[in-house]
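Everything below concerns the one structure shown next.
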Amino acid sequence: MPTLNWIGKDKVVNYHLKVPYHVLERKYSFDEEGQHEEDNGSENMIIHGDNLLALKSLLPKYEGKIKCIYIDPPYNTGNEGWVYNDNVNDPRIKKWLGEVVGKEGEDLSRHDKWLCMMYPRLRLLQKLLAEDGAIFISIDDNEQANLKEICDEIFGARNFVDTIIWQKRYSPQNAAKWFSESHDFILVYAKNKDIWHPNLLERSAEMNARYSNRDHDIRGPWKAENATAQAGHGTKGQFYVLTAPNGKKHHLPAGRCWVYTEPVMKEMIKDNRVWFGEDGNNVPAIKRFLSEVKQGMACQTIWMYTEVGHNQEGKKEIKSIFPELSHLFETPKPSRLIDRIIELATNSENDIVLDSFAGSGTTAHSVLKANHKDGGTRRFILVETEDYAENLTAKRVKRVIKGYEKNKKMETVLKDENLTVRSLRNGTQLYADACLTQQQMKDKYDKVNIKLVNNHLQVIGITKAKEEIKGTGGNFSYYELGQPLMKDGFLNEAVGEKAIRQYVYFMDTKENRPEEKAEEPYFLGKHLDTAYYFFYKKDETTTLDYKLLSTVKTKAESYVMYADSCLLSQDELMNYHITFKKIPRDIARL
């Protein structure tokens with residue numbers, strides 16, 4: 001399989017293994033009652049910090065557990081005027097490239113830098129994705145081809161599902177130099193394409209309206225389908241003259257055969273599954289009952305703005321939630337777009353949705369809406385690098401949970417003149433009359449405008465009002481990226497023993513650590529009949545000897561024991577089925 005090469009690839013292809021593990025520090029929790037210092041037990045997370053470090057920090061608990069990932073990374077347009085800096089010349093990226101890629105990073109092109117930034121993040125996302133999960137990535141033509149190449153490499157080309165075309169604009173941009181861009185891409189990859197399949201979309205009322213019940217069949221609405229097929233695919237038994245119940249003979253058209261053999265067709269007629277028209281003389285058609293079709297429809301790869309929204313809708317959505325903000329994201333995703341992804345890629349029970357380029361928090365908004373709609377228990381994890389993680393990302397989620405007031409405009413047509421050739425002869429007078437109406441009504445409305453609408457001159461009165469948007473309910477906890485677990489080759493004691501023990505147990509078992517046993521302070525847990533012990537004290541050196549062994553109470557076939565040193569001989573370790581691991585040398589790295 002062809003692979004993409006770029007300057008700096010050799011430095012980042014395995015960099016995800018070197019990324020230091022940092023602990024996550026919960027700062028507060030939030031629910032419908034408001035903000036709390038104490039932990040409310042929420043499994044929804046909003047994390048502020050470098051998303052590369054944050055993804056690494058999620059591995060001990062969430063590796064292979066994420067059902068749906070959606071990311072909207074920088075498109076690498078070079079546009080530096082956005083709230084989210086869509087340019088990999090961002091000082092933090094340049095600093096990171098200098099540390100990881102080295103001096104040659106100074107000569108990288110814009111595309112090289114973007115690939116160096118994305119590659120290790122995608123490697124970690126692939127680790128987090130569940131076997132029956134999928135990742136959806138928004139992108140445009142600046143990096144779509146490069147993204148496809150590195151995703152083929154990381155997720156496997158055989159796990160590529162499709163490229164979705166999303167209509168992000170509904171009107172042409174006449175200022176465009178070449179073509180007016182109307183779409184973005186969404187690349188879809190499964191962790192394992194043999195396992196993952198998208199859900200069917202809910203059938204629309206328009207689709208169901210195609211079914212009727214012209215003969216009052218007790219099986220309900222149906223629609224007529226062709227009773228013939230191409231002759232080239234038919235067997236000998238599908239060529240015959242069909243006799244209708246009224247005795248009329250129906251001959252096959254040239255090049256066609258019946259969809260069923262004659263005995264089957266007779267049974268279908270007997271069961272009232274063939275329609276011959278109101279008077280029984282029509283060409284036969286097969287009755288396909290609505291109750292027998294799949295209660296859903298396969299998703300197509302072109303998503304129109306009428307179905308899932310557009311960029312302007314996304315901007316209006318944020319403005320309705322944050323009317324106090326003067327400057328917003330230029331191209332936020334509408335929540336209807338993420339609604340579609342959640343409908344396709346999650347079920348209602350406990351599926352986790354991750355967005356590591358969280359931006360304004362649209363993904364959490366959609367998860368909360370989905371749970372509110374069907375009573376589900378989906379969970380979300382958002383990661384946002386920028387400083388607005390709390391004042392925009394988390395604040396949006398808070399308002400969605402509790403509800404908010406939305407500005408609303410009500411328009412009243414005060415004057416409406418149809419513009420014809422005759423009326424245009426008095427155009428000056430028409431406009432003067434409109435201005436007079438505007439002047440007379442200005443005190444009764446917040447604003448009065450004169451507009452041309454579909455060849456009508458209208459005077460429109462605008463009244464501003466507030467609309468109450470009910471909250472979805474829900475909760476989350478807000479985290480900051482904490483200190484690294486290892487510092488200068490030693491355990492960083494500042495992170496706390498609980499976090500260290502959780503990390504060590506996960507690295508050995510790939511399982512989350514169970515609740516602590518108070519009677520065994522060094523016991524980590526038991527997995528596959530192996531008991532794990534971590535003999536560690538913050539300010540003391542621990543030694544695995546018979547005195548320490550006497551504190552062990554859990555019976556198991558074998559033991560893994562961590563300590564600073566060991567006085568037991570190799571024969572003694574083998575006799576007691578103990579594997580000794582030295583702190584910190586033998587603590588595995590993610």
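The values are calculated or read from the model by the stated rules, or taken from the named source; none is laboratory data. Because the structure is predicted, anything quoted here is derived from the model rather than measured. Counting neighbours? That spans all protein chains shown, and the Cβs are built from the backbone with ideal geometry, glycine included.
Annotations
- Residue within the stretch 494-503 that is polar (S, T, N, Q) and under 30 Å from ASP31 (Cα atoms) present: yes
- Note on the stretch 227-328: enclosed strands (runs of 3 or more DSSP E) holding 1 or more residues that are in contact (Cβ under 8 Å) with a residue 40 or more places away in the chain are 285-289.
- Scanning the stretch 554-584 for residues that are under 22 Å from LYS538 (Cα atoms), touching a residue at least 24 places away in the same chain (Cβ under 8 Å) and in a strand (DSSP E or B) turns up VAL560, MET561, TYR562, ALA563, SER565, PHE580.
- Scanning the stretch 166-197 for residues that are assigned to a loop (DSSP other than H, G, I, E, B), touching a helix residue (DSSP H, G or I) at 6+ places or on another chain (Cβ under 7 Å) and either aromatic (Phe, Trp, Tyr) or not assigned by TED's automatic domain parsing to the domain that holds LYS65 (or both) yields a single hit, TYR170.
- Residue that is nearest to PRO60 (Cα to Cα) [pool: residues in the stretch 517-536 that are charged (D, E, K, R) and surrounded by 13 or more Cβ atoms within 10 Å (Cβ to Cβ)]: LYS526
- Test for ILE150: is it out of contact with any strand residue (DSSP E or B) (no Cβ under 7 Å at 6 or more places or on another chain), touching a residue at least 12 places away in the same chain (Cβ under 8 Å) and among the hydrophobic types (A, V, I, L, M, F, W, C): yes
- Filtered by the rule that a residue be surrounded by 16 or more Cβ atoms within 10 Å (Cβ to Cβ) and closer than 20 Å to LEU115 by Cβ, the stretch 14-49 gives TYR15, HIS16, VAL19.
- Output for the stretch 273-310, where each listed residue is surrounded by 13 or more Cβ atoms within 10 Å (Cβ to Cβ) and among the polar types (S, T, N, Q): ASN282
- Meets criteria (at pLDDT below 90 and under 27 Å from ALA345 (Cβ atoms)) for LYS61: yes
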